[in-house]
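The structure under discussion appears below in the form of structure tokens.
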Amino acid sequence: MDFDDQLRRYFATTDLAAVPPAALVAGVEKMRVDFGMEQDRARRFALWTLLHMFGAAPDLDVAFKDEADRDAARDFMEMMERAEEE
């Protein structure tokens with residue numbers, strides 16, 4: 001899953017600064033719907049990471065049935081926190 005492709009899919013651009021607030025909300029909502037319908041574990045995880053970056057990810061216990069996926073999500077959140085601190 002390519003990040004730029006996903007931005008184009010949900011926001012019609014890779015320049016998030018150019019996305020009007022209403023379109024941003026709509027894109028995130030579409031992403032949440034797609035996340036809920038996605039069956040592929042890897043794609044589902046990738047969508048969750050995007051949602052997390054937008055502050056719209058569901059809680060881990062709701063998002064992932066598998067403990068390994070929840071652990072990977074926690075690792076991702078910690079990695080993002082460290083990146084923000086730098």
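The values are calculated or read from the model by the stated rules, or taken from the named source; none is laboratory data. Remember, it's a predicted structure, so these values are computed and weren't measured experimentally. Counting neighbours? That spans all protein chains shown, and the Cβs are built from the backbone with ideal geometry, glycine included. SASA here: full protein model, heavy atoms, side chains in, ligands and nucleic acids out. Shrake-Rupley method; radii C 1.70, N 1.55, O 1.52, S 1.80 Å.
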From a point 7 Å beyond the Cα of A68 in the direction of its Cβ, which residues of segment 1-38 have a backbone N at a distance under 20 Å?
1, 38
Considering amide H positions built from the backbone, and no H for Pro or chain starts, which residues 5 or more places from T13, or on another chain, come under 5 Å of its amide H?
R8
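For L60, L16, give me the order by solvent-accessible area with a 1.4 Å probe, most accessible first, ignoring ligands, DNA and RNA. Spell out each step's value before the answer.
Details: L60 25, L16 65 Å².
Accessible-area ranking of L60, L16, largest first: L16, L60.
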Across segment 63-74, in residue order, what do the Karplus-derived ³J(HN,Hα) couplings come to in whole Hz, using 6.51 cos²θ - 1.76 cosθ + 1.60 with θ = phi - 60° and x for Gly and Pro?
6, 10, 6, 7, 4, 4, 5, 5, 5, 4, 5, 4
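For every other residue with a beta carbon closer than 14 angstrom to the beta carbon of D69, add +1 if it is Lys or Arg and -1 if Asp or Glu, then tell me the sum.
Numbers: positive: R41, R43, R44, K65, R70, R74; negative: E38, D40, D59, D61, D66, E67, D71, D75.
Around D69, the charge tally is -2.
Just the number, please: carbon plus sulfur as a percent of the accessible area of the chain, 1.4 Å probe, no ligands or DNA/RNA counted.
Exposed carbon and sulfur together represent 52 percent of the surface.
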When the solvent-accessible surface of protein heavy atoms is calculated with a 1.4 angstrom probe, in what order do K30, K65 fall, highest first?
K65, K30
Go through [x] 1.45; [y] 1.10; [z] 1.14 and flag the label whose value is the computed Cα Rg over 2.2 N^0.38 Å for this structure.
[y]
Ignoring ligands, DNA and RNA, what accessible area per residue does the chain give at 1.4 Å, in Å²?
66 Å²
Just name one of W48, P21, A83: the one whose Cα is farthest towards the positive end of the charge dipole of the chain (beta-carbon charges, Lys/Arg +1, Asp/Glu -1).
P21
Relative contact order for the chain: what is it in percent, counting Cα pairs under 8 Å that are at least 6 residues apart?
19 percent
What number, in percent, do you get for the relative contact order of segment 28-72 if the mean sequence gap of Cα pairs under 8 Å and at least 6 apart is divided by its residue count?
33 percent
Got a sec to turn the phi values of segment 44-54 into Karplus ³J(HN,Hα) couplings, 6.51 cos²θ - 1.76 cosθ + 1.60 with θ = phi - 60°, whole Hz, x for Gly and Pro?
4, 5, 4, 5, 4, 4, 5, 4, 4, 5, 8
